[in-house]
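Encoded as structure tokens, the structure appears first; notes follow it.
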Amino acid sequence: MTDITQTYLSLKTSNLPNLAIPIASDVMIVAQIEQFTSHSVIFDDNTTLTHIDTIMLATGHEYRIPYLTAGGQLTVMEPSSTYTDTNTRTLRTNLRYIWPLWRHMLPLDPAYPLGALYFINLGFPIISTFGSIVQGLFAAHTIRNPELLDSQEAFFADLKEQEARIRTKGYDPERHGHRVYLDQSLDAYQDGIMRYSQDRGLGGWPEIPPAGQNYTPPWPYATYDTAWTLKKGWDRWSGSG
């Protein structure tokens, strides 16, 4: 196996100081890709690399939900579109961001009863064993008892505050999509949803901790937050023989 001597990263963004992903210190950031030739990669700053062995195109994914768009419940906009008309709360997607959703799961389209539709495990990156359970419990209890739900206006105001906090940090929710960590830590997100249920008298029900206790254990986030440190430590240890 040939050793990797250098890794390059080309990003389609000019917002590098506020980039919401960790980048290893030994990765070299280069300009945006302009074109390929048979033997080189040409970037938009007129630089060229010719000694590239492998190219990985991480083009992302799109939020397409055919069973909702076919029936007109979810409007698909152009991928580059922005939600300029936020007074009309029609459920819509630009294939990056489904709007309007409270906490990335509860649609706030007034054309449908609140609690008639939920998006489970949409936020990124939600640890499925915890995030799905928390969201699923919220959905199950509010379907069983719709009176647990606040008003559309209260949920929408909370959504607008969340988006404002994200924009203050230099990110655009409509471009960056349902990245939970742009607003708060993953444990705070999940514990916040659980606290909503606890505050409405559900503390102590199966899978719901008593009021005042967090749901999410600390260990998943300790490993997530220190992933690069752990990896470097492992590489150093395994390389020592």
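The values are calculated or read from the model by the stated rules, or taken from the named source; none is laboratory data. Keep in mind the model is a prediction, meaning the values are calculated, not measured. Cβ sites come from the backbone with ideal geometry, for glycine too, and all protein chains shown count toward neighbours.
So here's what we get for this one:
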quantity: Residues (in a helix (DSSP H, G or I) and over 17 Å from residue 104 (Cβ atoms)) located in the range 172-223; calculated: 198, 199, 200, 201, 202, 219, 220, 221, 222, 223
quantity: The range 1-28 residues that are farther than 24 Å from residue 172 by Cα, paired with ones that are modelled with pLDDT of 60 or more and among the acidic types (Asp, Glu) (beta carbon under 8 Å, 6 or more apart); calculated: 2/53; 7/26
quantity: Of residues in the range 7-49 being at pLDDT 85 or above and hydroxyl-bearing (Ser, Thr, Tyr), the one surrounded by the fewest Cβ atoms within 10 Å (Cβ to Cβ); calculated: 38
quantity: Number of positions in the range 152-170 that are within 19 Å of residue 192 (Cβ to Cβ) and not in a helix (DSSP H, G or I); calculated: 1
quantity: Failed criterion for residue 108 (all others in (1) within 30 Å of residue 235 (Cβ to Cβ); (2) of a type in the set (A, V, I, L, M); (3) at pLDDT 75 or above hold); calculated: (1)
quantity: Condition check for residue 57: among the aliphatic types (A, V, I, L, M) and modelled with pLDDT of 90 or more; calculated: no
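Here's the yes/no breakdown for (1) in the same structural domain as residue 201 (by TED's automatic domain parsing); (2) in a strand (DSSP E or B); (3) at pLDDT below 90:
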{"site": "80", "(1), (2), (3)": "no, no, yes"}
{"site": "90", "(1), (2), (3)": "no, no, no"}
{"site": "96", "(1), (2), (3)": "no, no, yes"}
{"site": "119", "(1), (2), (3)": "yes, no, no"}
{"site": "130", "(1), (2), (3)": "yes, no, yes"}
{"site": "137", "(1), (2), (3)": "yes, no, no"}
{"site": "141", "(1), (2), (3)": "yes, no, no"}
{"site": "150", "(1), (2), (3)": "yes, no, no"}
